[in-house]
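K.L.:
To start, I am sharing the structure in question, which I have written as structure tokens.
The values are calculated or read from the model by the stated rules, or taken from the named source; none is laboratory data. All values derive from a computational prediction rather than experimental measurement. Don't worry about glycine lacking a Cβ; one is built from the backbone with ideal geometry, like all the others, and counts go over all protein chains shown.
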Amino acid sequence: MSMSTLPTTRTTPVVLPGTRAALWLFGTVALCLAAYYFIGVDQGATSVFGNSMYIHEFVHDARHFLGFPCH
Ligand SMILES: [Zn+2]
């Protein structure tokens, strides 16, 4: 009869203070909204860089891959 031993190591959760957690959440949401805007919305006359297609051309393949309407 063999006995197996269970691992005795325990993981500890990461505990962040409330303000740091709020800053991480705000930064993550801001980064995601910027990525969403530049990939999905920024185009032509509504571009933040004026009436140019630079950003659109740069993210064009990602735009098609993610299913945003394009042309
Ligand atoms: Zn396209």
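K.L.:
Of the residues that sit in the stretch 50-66 and are outside any helix (DSSP H, G or I) and exposed (fewer than 13 other Cβ atoms within 10 Å of the Cβ), which one is nearest to the ligand (Cβ to nearest atom)? Break it down stepwise before answering.
P.N.:
Quick first cut of the stretch 50-66, residues outside any helix (DSSP H, G or I) only: 50-53, 59.
Then drop every residue that is not exposed (fewer than 13 other Cβ atoms within 10 Å of the Cβ), which leaves 50-51.
Details: GLY50: 20, ASN51: 18 Å.
If we take residues in the stretch 50-66 being outside any helix (DSSP H, G or I) and exposed (fewer than 13 other Cβ atoms within 10 Å of the Cβ), then ASN51 is nearest to the ligand (Cβ to nearest atom).
K.L.:
Please go through the stretch 40-56 and give me each residue that is of a type in the set (Ser, Thr, Tyr) and at pLDDT 80 or above, ordered by number. Quick ask: steps written out before the conclusion?
P.N.:
Taking the stretch 40-56 first, the residues of a type in the set (Ser, Thr, Tyr) are 46-47, 52, 54.
Within the stretch 40-56, TYR54 is the sole residue that qualifies.
K.L.:
Does any residue of the stretch 20-32 turn out to be aromatic (Phe, Trp, Tyr), away from the ligand (no atom under 16 Å from the Cβ) and modelled with pLDDT of 85 or more? Quick ask: steps written out before the conclusion?
P.N.:
Start the filter on the stretch 20-32 by keeping residues that are aromatic (Phe, Trp, Tyr), which leaves 24, 26.
Next cut, away from the ligand (no atom under 16 Å from the Cβ) only: 24, 26.
Retained after the next criterion (residues that are modelled with pLDDT of 85 or more): 24, 26.
Yes, the stretch 20-32 contains at least one residue that is aromatic (Phe, Trp, Tyr), away from the ligand (no atom under 16 Å from the Cβ) and modelled with pLDDT of 85 or more.
Rundown of residues vs (1) part of a helix (DSSP H, G or I); (2) surrounded by 10 or more Cβ atoms within 10 Å (Cβ to Cβ), yes/no style:
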residue	(1), (2)
LEU6	no, no
THR12	no, no
LEU23	yes, yes
PHE26	yes, yes
LEU31	yes, yes
ALA35	yes, yes
ILE39	yes, yes
VAL48	no, yes
